[in-house]
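The values are calculated or read from the model by the stated rules, or taken from the named source; none is laboratory data. Keep in mind that what you see is a predicted model, and the values were worked out from it rather than measured. All Cβ positions, even for glycine, are placed from backbone atoms using ideal geometry, and neighbour counts span all protein chains on display.
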Amino acid sequence: MLISLLRKAKFLVGLLAASGCSCASAALTVGEDNRVTLPGGEECVVNPEFTPSGEWMLYMQFIGALSPVSQEPMVDMFIVEHDPATGEFLAEPQLVGQSTAGARPYLTEDEDGRIVMAGIDISNGAETMTLYSADPEVAPLDFQKLGLELEDTEGECLRSVFPYTTGTESHLWWLQGDSCRPGDTRYVELRHAVVENDQVTAQGLVERQAWSPQCNGNCSVGFLPMDLTYARWVLNVSSPILLFGTAPDPLNFGTPGNQTRDITLNEYRPDFDAVTAVDAGDAIVKVAPFGYSETEMVAGIDDQSSLGFWQRTSPTGPYELLQTFPIDFNQSSFDEPLPGQPVSEVASQEVFSLLLDGSLVNFAAFQLCESALRCFQFGLGEIWIASLSERYPQLEPISDNSVNDKTRNEPEPVVSPDQQTAWVYYSAWPENGLPTNSCNELRRTKLSVAPMALFRDGFEL
């Protein structure tokens, strides 16, 4: 019997090769969803973020106090070493410092492999925009802190600070406005600064957004376009660009006659030029750029239960919607929305690449919310993945949703060096619980590239 099966397998492989078939021979398998305990026994982790290499994870813990400056919840920031090949954490977490929840540092790596972070530091009793850097080869990590002098920040709330480095320069973008809480602000500004040789050498306003003057301060609470899209650096291109959203009709945005929240996606280059990239037609939520050129990106589309894939064929041409991924609610713990009711919403997507059959294939890990109205309000959530390749179709949940009592959000994929494995981390806490008073579980699902089974005459070969 075994010899017969082997002969069948050999025959099929030879037949496929002779016919020039480009059929897929590998597939992505989904492992179990497990809770992660860090070395030293720590189990409560809020908003994990990883360096591009996947070798370091930064997270925060609420300390039950408010900043004396902005009255925002204060957090302790911790960093822990991670092995992207095995998914193991290698040492006990190390305290970096204190920040506020909305302006906690985000991290990256420079060309020499140094860890670079940017955010608001409040360890000295004041809120200071700070650039952190540390040599990962020195244990324990010794972060050097550089306080930055910025223009036009007096009385403003600064949040969402994201860095990237190139050569000797560090670039930062951040949001600032009259409130630290997205969805509860009258205006928000997107700002950019360049740091070189420990000095701010350039800084400027990229975009200012505000609710319509016609509202007279009485517009309903909601998210401005910049908070919906959540600006992102596109770094795997020759000239880095920053994608963000604006309103096609900014003077009337949010007024009773303009509630659709249509958003125009813009791109900004470090020379302080901003150009329109695409008119989305629907609000685009949390843009996630990806690919190997300036021609690809993926985004969740607001008010539709789908993930959209946009592409353009030239560095300055318009984006076009190529494909959407409608959710199969038979695989979800949520009921399919009824006509006329608020629908589930896709958000918080992150894109990663794995090697299948010798070619890199793009996948998106994303959050499916219970409803569009609760996506930003700690409602129930699920973590899904989608393949962005017609040759390797895949769309399914990867979180354990059998007990649907948790807010699951912020998926963070980490890819192994051989690009055969991805670890998708995310946060979870009880439904209607707040990050400030709940233990936020760190959870992880392993995705592995495996040979695809061949079937013939009822036998699996």
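Got a sec? Which of 153, 166 is farther than 25 Å from residue 55 by Cα and out of contact with any Leu (no Cβ under 7 Å at 6 or more places or on another chain)?
Only one candidate passes the filter, namely 153.
Can you name the residue in the stretch 404-445 that is among the aliphatic types (A, V, I, L, M) and over 30 Å from residue 358 (Cα atoms) and is also modelled with the highest pLDDT among such residues?
Step one: filter the stretch 404-445 for residues among the aliphatic types (A, V, I, L, M), giving 414-415, 422, 424, 428, 434, 442.
Cutting the leftovers down to over 30 Å from residue 358 (Cα atoms) gives us 428, 434, 442.
Numbers: 428: 89, 434: 73, 442: 94.
Top of the filtered list is 442.
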Open item on the list: Any residue at all in the stretch 211-222 that's crowded, with 21+ Cβ neighbours inside 10 Å and either at pLDDT 85 or above or more than 29 Å from residue 347 (Cα to Cα) (or both)?
Closed with: no
Task: Residue list for the stretch 66-76, filter: in contact (Cβ under 8 Å) with a residue 40 or more places away in the chain and under 18 Å from residue 106 (Cα atoms) - done: 72, 73, 74
- [ ] Mind listing whichever residues of the stretch 330-353 are modelled with pLDDT under 80 and not in a loop (DSSP other than H, G, I, E, B)?
- [x] 345, 346, 347, 348, 349
Task: Selection from the stretch 45-75 of residues that are surrounded by fewer than 17 Cβ atoms within 10 Å (Cβ to Cβ) and either on the phi > 0 side of the Ramachandran plot or within 23 Å of the chain's Cα centre (by Cα) (or both) - done: 52, 53, 64, 71
Task: Checklist (1) surrounded by fewer than 19 Cβ atoms within 10 Å (Cβ to Cβ); (2) touching a Ser or Thr at 6+ places or on another chain (Cβ under 6 Å); (3) modelled with pLDDT under 85 applied to residue 185, failing item - done: (1)
Open item on the list: Checking the structure you have, find out if any residue of the stretch 102-109 is of a type in the set (Val, Ile, Thr), at pLDDT below 90, surrounded by 20 or more Cβ atoms within 10 Å (Cβ to Cβ) and in contact with a Ser or Thr (Cβ under 8 Å, 6 or more places away or on another chain).
Closed with: no
TODO: Just give me the residues in the stretch 117-175 being under 15 Å from residue 77 (Cα atoms), modelled with pLDDT of 90 or more, of a type in the set (A, V, I, L, M, F, W, C) and not in a strand (DSSP E or B), in sequence order.
DONE: 141, 143
